[in-house]
Amino acid sequence: MRQQPFISPRFVGKRFSEHSIPLEFLKDLAVIEEMIIEVAKWHFRQDHPDRKRSPRGFTEGISLNLARINSGSAIADIVLVTEDQVLFPSENQIYFQKARNSIIKAIGAAERSESVHSYLPENLLGYFDRFGRSLKNEEAIEFCTPDLNETSKLNKNSRRRLILASSQVQELTEEVTIRGIIPEADQGKKTFQIMTRDGSKLVAPMEPQHRDTVLEAFNGFENGLHVLLHGIGKFNRLDKLQSIELVEHIGILDPNDIAARIEELNELGDGWFNGFGFALNKEGLVWLLNKFDTYYPEELLLPYLYPTAEGKVQAEWTIANIEISLEIDIENHQGEWQSLEMTQLNECFKELNLNNEEDWQWVTAKIRSLLQVGEGHHRDTRTLPYRLPLGN
């Protein structure tokens, strides 16, 4: 067997900063091989117009293997493996190299918003629907080869341009995360509907491994039981989500799920409280969600979030006979902590800078210590649209 360097995609983004690649991207690397083989066959037919198809055994003895993950974000070194021992590449290997270069040039053209049809035919652009859909905002896969003095970057935008450059593609798929309720479940058809906050209903497949969770959420529909779904969504060319093609994970949400509650708070407009009350700052709500995601442990008792008439957010916990409130100024990122032990009337007050990790650590440490006093529990407040701050 003989190996030679072939292509080294570089994964750029926070998830790749530790020089590792999430396993979900192995699916993308497998698509690279499929795409290169088909583009290589297309190049062969272009050079041999008298042939309707590539010769039998065109890819025999040739494969693409992942050799190693190198540092520099995370670089996947993919080598071309051949069985022959000759020093010069066979004709078929040359077409693999042509295919690789065409794909990289097409990605570069899409990145620059230029036409990609000089490099790839329309029918092969559909491969990009399966390649790169795990990318998040601010993430990219960079491509370059020794014989190309350019670097091409595949991100969410350039991937979308590549897919939509084919008139044959009417729908495209992307990873989605959806919070919603389940109003319908059809065990006969093995499908269910998930309804989002805007009232949209999306049909999804009900696989055996998700059946119990789906039916639990369906039976809890009247009580507003929410789920969090991760999967592959199908979008039309206008970027409207049409359905769920694949459910990868689905789980029941905590009634006080922070992200779900912030979605509700984001919908409040001016005058939400009987003609009074300010709409909450949208950038501030995004900031608050990011802080909870970063600093508040998943296993810790969740607070319930309320809007205040002044445009702030109040987090409340009830732990045994202790009432806790944290009023959060989401524009100035300040907080006021107040806890009150009801039987002894012991009170604790502290001002916090919620941009500081140390102050979030103080909050979580305080919650942990108070939980040792007794088992925490929530009031059932899911149906309340708001609550005024304590003391008002």
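Points to keep in mind about this one:
- Residue within the stretch 132-139 that is more than 19 Å from SER54 (Cβ to Cβ), touching an Asp or Glu at 6+ places or on another chain (Cβ under 6 Å), in a helix (DSSP H, G or I) and of a type outside the set (Gly, Ala, Ser) present: no
Residue-wise test of (1) surrounded by 16 or more Cβ atoms within 10 Å (Cβ to Cβ); (2) under 24 Å from THR151 (Cβ atoms).
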site	(1), (2)
GLN4	no, yes
SER8	yes, yes
LYS41	yes, no
LYS52	no, no
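- Residue count for the stretch 323-364, restricted to those that are open to solvent by less than 10 Å² (accessible area, probe 1.4 Å) and hydrophobic (A, V, I, L, M, F, W, C): 9
- In the stretch 294-352, residue farthest from GLY269 (Cα to Cα) [restricted to those that are part of a loop (DSSP other than H, G, I, E, B) and in contact with a Lys or Arg (Cβ under 8 Å, 6 or more places away or on another chain)]: LEU300
- The residues of the stretch 141-166 that are open to solvent by 20 Å² or more (accessible area, probe 1.4 Å) and modelled with pLDDT of 90 or more, listed by number, are GLU142, LYS153, ASN155, LYS156, ASN157, ARG160, ARG161, LEU164, ALA165.
- Exactly one residue out of GLY108, GLY57 is part of a loop (DSSP other than H, G, I, E, B) and either open to solvent by less than 10 Å² (accessible area, probe 1.4 Å) or at positive phi (or both), and it is GLY57.
- Residue match in the stretch 219-228 (condition: surrounded by 13 or more Cβ atoms within 10 Å (Cβ to Cβ) and in a strand (DSSP E or B)): yes
- Qualifying residue in the stretch 197-213 (condition: closer than 29 Å to ARG159 by Cα, under 21 Å from the mean Cα position of the chain (by Cα), basic (Lys, Arg) and not in a strand (DSSP E or B)): yes
- Scope the stretch 264-317; condition of a type in the set (Asp, Glu) and either within 28 Å of the chain's Cα centre (by Cα) or open to solvent by less than 40 Å² (accessible area, probe 1.4 Å) (or both); matching residues: GLU264, GLU267, GLU283, ASP293, GLU298, GLU299, GLU316
- Odd one out for VAL247 among (1) open to solvent by less than 30 Å² (accessible area, probe 1.4 Å); (2) assigned to a strand (DSSP E or B); (3) over 30 Å from ARG211 (Cα atoms): (3)
- Positions within the stretch 134-181 being farther than 28 Å from LEU23 by Cβ and hydrophobic (A, V, I, L, M, F, W, C), in sequence order: LEU148, LEU164, ALA165, ILE181
- Picking from residues in the stretch 167-196 that are part of a loop (DSSP other than H, G, I, E, B) and either of a type outside the set (Val, Ile, Thr) or in contact (Cβ under 8 Å) with a residue 40 or more places away in the chain (or both), the one that is surrounded by the most Cβ atoms within 10 Å (Cβ to Cβ) is VAL169.
- Pair list, Cβ < 8 Å and 6+ apart or interchain, from the stretch 126-145 residues that are within 18 Å of LEU164 (Cβ to Cβ) to residues that are hydroxyl-bearing (Ser, Thr, Tyr) and open to solvent by less than 10 Å² (accessible area, probe 1.4 Å): GLY126/SER166; ASP129/THR173; ARG130/THR173; ARG133/THR173
The values are calculated or read from the model by the stated rules, or taken from the named source; none is laboratory data. Since this is a predicted model, take the numbers as computed values, not measurements. Because the Cβ atoms are built from the backbone with ideal geometry, glycine has one as well, and the counts that use them run over all protein chains shown. For accessibility, only protein heavy atoms count, side chains too; no ligands or nucleic acids. Shrake-Rupley method; radii C 1.70, N 1.55, O 1.52, S 1.80 Å.
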